[in-house]
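Student: Structure below; questions to follow.
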Amino acid sequence: MARVRLLNPDQAEGRRREVFDRVKAYYKMVPGLQKALNYLPETTDALWTLSLSTAREGSIREELKRVFFAVTAYEVECEYCTAAHMIALMGKTWSHAECVDLIEGKPSPRLTDKENAAVDFVRVVGRRPAAVTDEMTDKLRNHGWTDAEIVEIVAAVALMRYTSTVASALDVPLEKAMEGVGVSCGVPLNRLES
């Protein structure tokens, strides 16, 4: 059960309703994360805009950014976000086993060496941003990543750390679609929204 009452989109008015409608137009439903955060509609709307921009802006393909999101969510122990982004990857034809192997630290045969190097970097940034060293960013450059792309990677991780903090601290319950994803970051995955 969430630590705050999740707002009901059908009962929302004014700006909260506008924000819920915007999210619903994209997902065809309103996720629990937005139901929890929309006590602050401007923040919720800004986070939604930032999420879409982070996924789409820059030269890194969106699917790889979804990989970054799933790995970061796992590193910061957010069941909700890990499950959500695993489902997004499975929608891109990743198997459940491929997702689990990836988030648990195995290089993915679906990714290039360059992309797997970025995923390793994402693990460090996700777990402890202050642990990043010059050698790590030099390694990314040696794999062919540009400074702009390194910023893009860090921005994707930063977004997911923010989102995961909200979902975890407020104990946002899993969506029904997340049932059975079966990846545990240390918190039971059987917390479904009633």
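The values are calculated or read from the model by the stated rules, or taken from the named source; none is laboratory data. Just so it is clear, the structure is predicted and the values come from calculations on it, not from any experiment. As a convention, Cβ positions derive from the backbone with ideal geometry for all residues, glycine included, and neighbour counts pool all protein chains shown. Protein only, heavy atoms only, side chains kept; ligands, DNA and RNA dropped before computing areas. Shrake-Rupley method; radii C 1.70, N 1.55, O 1.52, S 1.80 Å.
Student: For a Förster distance of 35 Å, can you work out the FRET efficiency between the beta-carbons of ASP113 and THR165, rounded to the nearest 0.05?
Tutor: After rounding, the FRET efficiency stands at 0.65.
Student: For the residue pair GLU42 and LYS139, what label-to-label distance in nm results when each label sits 7 Å from Cα along the Cα-to-beta-carbon direction?
Tutor: With each label point 7 Å from Cα toward Cβ, the separation is 4.2 nm.
Student: Also, I was wondering about something else. Do the alpha carbons of any pairs in LYS106/LYS176; LYS24/LYS176; LYS65/LYS176; LYS35/LYS65 sit beyond 26 Å of each other, and which pairs?
Tutor: Table pairs above 26 Å Cα-Cα are LYS106/LYS176.
Student: Could you work out what % of the accessible surface of region 16-152 is carbon and sulfur, using a 1.4 angstrom probe and leaving DNA, RNA and ligands out of the count?
Tutor: Carbon-and-sulfur percentage of accessible area, whole number: 53.
Student: Which one, ALA97, ALA155, ALA12, has the greatest fluctuation when you compute a Gaussian network model over the chain with C-alpha springs under 10 angstrom?
Tutor: ALA97
Student: Sticking with this structure for a sec: Find the centroid of the Cα atoms in region 11-74 and in region 99-113, then give the distance between the two in whole Å.
Tutor: For region 11-74 versus region 99-113, the Cα centre distance is 25 Å.
Student: Further question on the same structure: Top mean-square fluctuation among THR72, THR44, THR112, Gaussian network model of the chain, C-alpha springs under 10 Å?
Tutor: Between THR72, THR44, THR112, it is THR112 that shows the largest mean-square fluctuation.
Student: Still on this structure, please answer the following. About the Cα centre of region 3-162, what is the dipole size in debye to 20, counting +1 per Lys and Arg Cβ and -1 per Asp and Glu Cβ, all else neutral?
Tutor: Charge dipole of region 3-162: 540 debye, to the nearest 20.
Student: Here is a further query. Averaged per residue, what accessible area in Å² does the chain show with a 1.4 Å probe, protein chains only?
Tutor: Heavy-atom SASA per residue in the chain reads 50 Å².
Student: Assuming 0.692 mPa s and 37 °C, estimate D for the chain with Stokes-Einstein, Rh taken as the Kirkwood radius over Cα pairs, in µm²/s.
Tutor: In µm²/s, the coefficient rounds to 191.
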